Structures are given as structure tokens and as C-alpha cells.
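Below: the structure, in C-alpha cells.
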Amino acid sequence: MESSHSFKIVRSTNHLPSDWNVLATSNIFLSKEYLAVLEQSKPTNMDCFFIALYKKNQLIGIALAQFLDLNKLESFGERDKCIKTAVRNFIFKNFCSHVLFIGNNMLTGQNAFLFTEEIEISKGIELLHLAASEIKATLKQEGKKVHLTSYKDFDKEVVKAFPNKEFASFYQFSTQPNMVFTVSKDWHSFDDYVAALSKKYRDQYKRCRKKAEGIEKRKMSFEEIVSLEHTIYDLYHHVAQNAPFNTFFLAKNHFAVMKSALKDQFLFYGYFENGKLIGFNTLIKNGNQMDTYFLGYDETIQREKMLYLNMLYDMIAYSINKGFAAIIFARTALEIKSSVGAKPEQMVGYIQHSNGLINRKMEQLFCYLEPKTEWKERNPFK
């Protein structure tokens, strides 16, 4: 590494360089404001590290790392009760419970780093590799041994820039795709989207909307989010617990802290039946794209009212009407997202175990860490 290049790791946003946000303009998830939200309301089993890269004294890169202690989790996910799940949980508890992510484990997509044109991507990743080693040494001093190190969610172009020397011992993996909805240039309103659907999917849309009659949807303010915090958390927690696999649970105050920090860039929509909150979804404006965030609902009402599908249509309607170019629908529920027009984008990552023997078996081990999802891609358009 050239001596003119260096990095600095801090654990508080108060110690970020003053020009940090100059680099973060293209991604809200690396902005000082969002990182401060993580700091104030991160999951209880997570520690954050903020990395600044320099060429001489000039800031040329910013990055996020997260350390997760999975032993602190109440559950890895309640949905699948089977032998394979029991084996996976045993492996996790004993060999893989301390994970260092270079990137953001709470999101889907390339939210790990941003570099200026002053540094090649491969050189920046090389620097991050050195920074990861320093973070692991710091954690070791605190009595926390990192089992797994993972660089996550890069597209194929960025992956080409990962230096072979540093990553030769890493296992390259590809998990569930990121579901991305691209807004057609021909759609000037949500009605144009509905008109573009084939008969089968237009009928699905009409049936879905009919099911939700009587449900009131409204944008919620910071004060309303705070006043309904317990209900919101229960609805979120129900959905999170029923996911096939979890590595964290949000803090109870997370949505209120998000609203307070990001203001109009963070949208919180509540769904009410007879005045009672029965579901919610959240969106984050990120430049010309809209990122879907966490949601929650009452499962009994969800099925009856097709609440989740209604939420997807509402997110599409808002994004088209407000002129966004794309919606990042992230992972999970791939088929239903596909049925509204989202397309899969393959994301690649790297993972390495600190134990050389285990690391050689990473390909087999990974099948337990990331169960394969079978799904059928849909095309809802004419």
C-alpha cells in the first residue's frame, strides 16, 4: 500500500471528518444523518465502525462496517422448524456467531463504501481490507473474536475490482437477488402502470384493492410514530420473527429516530382499520430511487385484506407519481414482488472464516448459513 494512502476508523459520528457528507451525496445510507440513526437506535447485538480513507490529507473514501454478535439474539427466525434449521442454529451459535460485515447488513445493495475518482476501486477495497484487520484486532482486545468476515452486496462490475491477492481465501457467494422495480419512461402516473399490466395481473390488482376497502392509509408524523411505538414494534417484530432467518432485530425507537433525523426523506405509512393500526410500511428517498425499508402487519388481517400486496402497489403509486426512476424492493418475498413488476438483480459477496479448516469447507457451510429459495419469476406486463 502506498504510504500516501491511509485510513481512520471511528465509532461515533461525532468524530467523522467534517467533509464526510460531501462524499455521501449519492447515497443517503452513508450520510452522517443516517449513520447517526444507526448509532442512536441500532440493534442491541450490533457495533458500528465508520471508516474514512485518505490520500495524503484528502478524504477520498468513506465506508461502513458492522460487527454482529448473533449469540445475543433471542431467535434466528421461527418460521422453519426442522432438522436442517436446528443444525444451522447449532453451527451459528458455536462457530459463526461473531460476524464482521463490510457493508450494511440491514439493507440490500451496495451501501458499503463510496470512493472519489482520486482512488481506483481496487485500491480502495485494498485499504478497506487493511481497515477490517484493524477492526478485528480492536474487537479481539475487547474479548470478541470475529469468526466470519463478509463483504456484501456488490454488482458484477464492482466484484471485478476486488483484488485477487487479498481475497484469494474468501468464498465468493451469491444470495437471494435484490428485487428492483424500474419505472418506465412511458408512465406519467400510476394509472399508466395499471394500464400496462396484462389482464391477469390487472385483475389481481383490482381484486387486491377491493379486499382492502375500509382500510385507511395515511402518512404518519414523528409524534404519531412515537405515540404508537409499542404497536408499531409488535407489528414489525411479528413479521421479523416469522422470517426464515434473522441476524438482528431493530430497536424499539428505531422508526422514531429515523423520522426525527431524516425528516421528509423518510416516509412512514400507517394502515388503520376502525381506528386501529394494523400495518405499516416505510420508504426512504435516496436520490432518484426509492428504497423500501421495514414493514409490519397483523398476519390475520394481512391474509384477509391482501395487505402486503396493497402496500407494494401503494409504494409503486407513490414512486411513479413523484417521479422516481426505480424502487429497491430488496430481498424476501421474491415471487410476489416479481408479480408487481420487480426484476431480480444478482448481488455478489465475499465471506471468510477465521479458522482455516472451516474456511476450506465454506461452500458447504454456506448452504446452511443461507438457505436456497425456490421461486418463479413473473412478468405482469402485456
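The table below lists the values:
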read-out: Qualifying positions in segment 1-29 - within 22 Å of the chain's Cα centre (by Cα) and either part of a loop (DSSP other than H, G, I, E, B) or under 14 Å from K56 (Cβ atoms) (or both); value: R11, S12, N27
read-out: Some residue of segment 324-336 being crowded, with 19+ Cβ neighbours inside 10 Å, at negative phi and over 17 Å from the mean Cα position of the chain (by Cα); value: yes
read-out: Segment 316-345, residues that are at pLDDT 95 or above and closer than 22 Å to Y171 by Cβ; value: P344, E345
read-out: Scan of segment 233-266 for residues that are surrounded by 18 or more Cβ atoms within 10 Å (Cβ to Cβ) and over 25 Å from Q66 (Cα atoms), ordered by number; value: L235
read-out: Sole exception among (1) under 22 Å from F29 (Cα atoms); (2) open to solvent by 20 Å² or more (accessible area, probe 1.4 Å); (3) within 21 Å of the chain's Cα centre (by Cα) for A342, by number; value: (2)
read-out: Residue match in segment 290-309 (condition: of a type in the set (D, E, K, R), surrounded by fewer than 21 Cβ atoms within 10 Å (Cβ to Cβ), under 19 Å from S184 (Cβ atoms) and free of Cβ contacts under 8 Å to residues at least 60 places away in the same chain); value: no
read-out: Pairs with Cβ under 8 Å, 6+ apart, first in segment 44-65 and farther than 22 Å from N253 by Cα and among the basic types (K, R), second part of a strand (DSSP E or B) and open to solvent by 10 Å² or more (accessible area, probe 1.4 Å); value: K55/H5
read-out: All positions within segment 234-264 that are aliphatic (A, V, I, L, M) and either under 17 Å from the mean Cα position of the chain (by Cα) or under 20 Å from M290 (Cβ atoms) (or both); value: V239, A240, A243, L250, A251, M258, A261, L262
read-out: Odd one out for K210 among (1) in contact (Cβ under 8 Å) with a residue 60 or more places away in the chain; (2) under 30 Å from G341 (Cα atoms); value: (1)
read-out: Test: residue in segment 242-257 that is among the hydroxyl-bearing types (S, T, Y), touching a helix residue (DSSP H, G or I) at 6+ places or on another chain (Cβ under 7 Å) and at pLDDT 95 or above; value: no
read-out: Residue selected from segment 48-73 under the condition open to solvent by 40 Å² or more (accessible area, probe 1.4 Å) and either closer than 19 Å to A131 by Cβ or not polar (S, T, N, Q) (or both), by the criterion modelled with the lowest pLDDT; value: K72
read-out: Wholly within segment 102-194, strands (runs of 3 or more DSSP E) carrying at least 1 residues that are open to solvent by less than 20 Å² (accessible area, probe 1.4 Å); value: 113-115, 148-154, 178-182
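The values are calculated or read from the model by the stated rules, or taken from the named source; none is laboratory data. Remember, predicted model here, so these are calculated numbers, not experimental data. Quick reminder, even Gly has a Cβ in these numbers, built from the backbone with ideal geometry, and neighbours come from all protein chains shown. Keep in mind that these areas ignore ligands, DNA and RNA; they rest on the heavy atoms of the full protein, side chains included. Shrake-Rupley method; radii C 1.70, N 1.55, O 1.52, S 1.80 Å.
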